[in-house]
Amino acid sequence: MKAAMLGTWHVHAEGYAKEFAADPRCELVAVYDPDLSKAQAQAARLEEMVEETFEGDLPAFIAAFSQIT
């Protein structure tokens, strides 16, 4: 199952992402946050898990993610 992280504000967001990615059936492919610098920082922390880049613009992110899955 491929999934994207929508938003990085929650205190447990990184932990949830790591738990999800630990399941071999799951793949975290992208990170989105309205604040592009926050999305970039989160993707950098999850670098080994995130295979795709992220967008600061939600409609563009959804369009890109739709092509990934």
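The values are calculated or read from the model by the stated rules, or taken from the named source; none is laboratory data. Small disclaimer: the values here were computed from a predicted structure and weren't measured. Glycine also receives a Cβ, built like all others from the backbone with ideal geometry; neighbour counts cover every protein chain displayed.
Give the number of residues within the stretch 4-39 that are under 15 Å from Ala64 (Cβ atoms) and without any contact (Cβ under 8 Å) to a residue 24 or more places away in the chain.
Step one: of the stretch 4-39, the residues under 15 Å from Ala64 (Cβ atoms) are 4-6, 28-33, 36, 39.
Within this subset, residues satisfying the condition of being without any contact (Cβ under 8 Å) to a residue 24 or more places away in the chain are 36.
Here the count works out to 1.
State yes or no: is Thr53 of a type in the set (S, T, N, Q), modelled with pLDDT of 80 or more and either part of a loop (DSSP other than H, G, I, E, B) or at positive phi (or both)? Walk me through how you get there before you give the answer.
On the way: of a type in the set (S, T, N, Q): yes; modelled with pLDDT of 80 or more: no; either part of a loop (DSSP other than H, G, I, E, B) or at positive phi (or both): yes.
Taking the combined requirement at face value, the residue does not satisfy it.
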